[in-house]
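Sharing a structure here in structure tokens format.
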Amino acid sequence: MTKIVVSRQIPKDYIRQLEQLGEVVMWEESYEPMPRKHFLQELKEATACFITLSERIDQEVFEAAPHLQVIANMAVGYDNIDLDLARQYGVTITNTPDVLTETTAELGLTLLLTVARRVVEAERYVQNGEWQSWGPYLLAGKDLHGSTVGIFGMGAIGKAFARRLQGFNTTVLYHNRSRHDEAEAELNEQYVDFDTLLTESDFVVCTAPLTDATRDQFDATAFSKMKNEAVFINIGRGAIVDEDALVKALKDGEIGGCGLDVLRQEPIDMNHPILELPQAVVLPHIGSASEQTRNDMIQLCVDNIRGVLNEGQAVTEVKA
Ligand code: GLV
């Protein structure tokens with residue numbers, strides 16, 4: 001018997017598609033993942049499971065799920081999954097690339113402009129009844145046009161971000177583990193080493209995935225090399241950033257502001273010191289959160305599960 005475990009509430013249309021494949025057990029909450037104990041219990045008989053980036057897939061999970069063939073992760077990133085173990089246990093891992101690229105790049109640009117133009121501070125200013133008159137430098141921010149933007153990570157999202165900058169009259173630098181000659185030609189961007197990215201950019205935008213190589217990449221040394229006015233944006237993964245170092249850099253004026261859509265700990269602890277800094281904007285990991293894109297991500301997970309169960313072949317398998 002085929003059993004499919006779905007760790008979040010997803011719309012009925014998708015559940016109906018999964019029901020064509022087998023019995024479906026869905027956790028009825030959308031904003032809370034299935035509790036770990038419950039998840040492990042349900043996996044005992046499971047052939048497939050649909051998860052989100054909140055679920056940690058480790059030895060305990062693989063041991064609990066002897067019949068598991070596929071884990072469909074509703075995210076492009078898969079740092080929540082131990083891929084070596086997946087290979088050992090013969091479980092196919094899939095993710096949701098491409099369908100979320102443009103939406104995530106749009107959020108990145110939104111966040112950059114929000115920090116640059118102090119939109120959140122300005123909105124609070126109005127809401128708090130502080131708006132008494134116009135002032136020559138009232139809530140004056142930074143221009144994106146004419147600036148240098150340094151993109152760390154030139155995968156699909158980095159490229160989509162760079163494409164969006166074309167209309168802003170910016171100089172675009174990038175750093176990536178490998179060079180992309182085509183992107184350089186198409187997007188008029190220049191490859192630089194990491195230090196040059198830091199020292200030359202007015203905006204430093206991290207779009208990279210979390211890997212052993214990128215973990216803690218943005219540390220105290222990195223922030224100390226950035227311009228004092230620079231804005232740091234992270235739409236990659238929280239653990240790429242040493243958040244203590246980031247808070248210190250913001251407080252000491254080593255950098256000018258930041259926008260984070262991803263954090264080391266999600267949801268954020270409300271005592272996190274970054275929440276007290278007006279020059280920091282924190283979003284609850286909504287990079288791919290348009291309705292259409294979330295639908296597309298869920299559909300791709302369903303297609304991946306169907307592909308593995310029916311044809312032994314996923315649509316978008318993560319290859320370690
Ligand atoms: C979101 O962060 C994703 O990896 O899809």
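Using the Karplus curve 6.51 cos²θ - 1.76 cosθ + 1.60 with θ = phi - 60°, what ³J(HN,Hα) values do you get for each residue of region 178-189, in whole Hz, with x for Gly and Pro?
10, 7, 10, 4, 5, 5, 4, 6, 5, 9, 6, 10
Now, a different point. Ranked highest first by average number of other Cβ atoms within 10 Å, how do 134-144, 292-302, 230-240 line up?
230-240, 292-302, 134-144
With N residues in the chain, what two-decimal value do you get for its Cα radius of gyration over 2.2 N^0.38 Å?
Relative to the 2.2 N^0.38 Å estimate, the chain comes out at 1.08.
Highest first, please rank the peptides 149-155, 106-112, 179-185 by the mean number of other Cβ atoms sitting within 10 Å of their residues.
Averaged packing, sorted descending, gives the order 149-155, 106-112, 179-185.
For region 54-59, just list the computed ³J(HN,Hα) in residue order, Karplus coefficients 6.51, -1.76 and 1.60, θ = phi - 60°, integers in Hz, with x standing in for Gly and Pro.
7, 8, 8, 10, 10, 3
In whole Hz, what ³J(HN,Hα) sequence does region 125-131 give by Karplus (6.51, -1.76, 1.60; θ = phi - 60°), x for Gly and Pro?
Working through the residues one at a time gives 4, 5, 4, 7, x, 8, 7 Hz.
Still on this structure, please answer the following. If each residue's Cβ is checked for other Cβ atoms within 10 Å, how do VAL126, VAL315 rank with the fewest at the top?
Lowest to highest Cβ neighbour count: VAL126, VAL315.
Another question, then. Could you tell me the relative contact order of the chain? Use alpha-carbon pairs under 8 Å, at least six residues apart, and round to a whole percent.
Averaging sequence separation for qualifying contacts and normalising by length gives 17 percent for the chain.
Measure up LYS12/LYS44; LYS159/LYS225; LYS159/LYS248; LYS251/LYS319 against 32 Å on the Cα-Cα distance and list the ones that go over.
LYS251/LYS319
Quick one: if you take sqrt(5λ) for each eigenvalue of the C-alpha gyration tensor of region 254-302, what semi-axes come out, biggest first, whole angstrom?
Computed over region 254-302, the values are 29, 12, 8 Å.
5 Å is the cut-off here: which amide hydrogens, built 1.01 Å from N in the peptide plane, fall below it relative to VAL205, excluding neighbours closer than 5 in sequence?
Counting only residues 5 or more places away or on other chains, the set is GLY150, ILE151, PHE152, ILE233.
Which net charge results when you count Lys and Arg as +1 and Asp and Glu as -1 among the other residues whose beta-carbon is under 13 Å from that of ASP143?
+1
Find how much the distance from LEU139 to THR221 grows on full extension, using 0.36 nm per residue of separation minus their present alpha carbon separation; answer in nm with one decimal.
Between LEU139 and THR221, full extension yields 26.6 nm more.
Still on this structure, please answer the following. Can you tell me, using C-alpha contacts under 8 Å and at least 6 residues apart, the relative contact order of region 101-282 as a whole percent?
After rounding, I find 20 percent.
Which value, in Å³ per residue, describes the convex hull spanned by the Cα atoms of region 101-282?
121 Å³
On a straight-distance basis, which aspartates and glutamates could pair with LYS142 in a cross-link, Cα separation under 12 angstrom, same-chain partners fewer than 8 positions away excluded?
Candidates past the 8-residue exclusion: ASP202, GLU229.
So, R0 is 41 Å and r is the distance between the beta-carbons of LYS251 and ARG16; what FRET efficiency does that work out to, to 0.05?
Plugging the Cβ-Cβ distance into 1/(1 + (r/R0)^6) gives 0.20.
Separation between the GLU63 and LEU85 pseudo-spin-labels, each 7 Å from Cα along Cα→Cβ, expressed in nm?
Computed distance between label sites GLU63 and LEU85 equals 0.9 nm.
Hey, what D do you get for region 64-187 in µm²/s if you plug the Kirkwood alpha-carbon radius into Stokes-Einstein at 20 °C and 1.002 mPa s?
Translational D for this selection: 118 µm²/s.
Read-outs throughout are calculated quantities, based only on the coordinates presented, and are distinct from any laboratory measurement. Since we're looking at a predicted model, the values are computed, not measured. All Cβ positions, glycine included, derive from the backbone under ideal geometry; neighbour counts span all protein chains shown.
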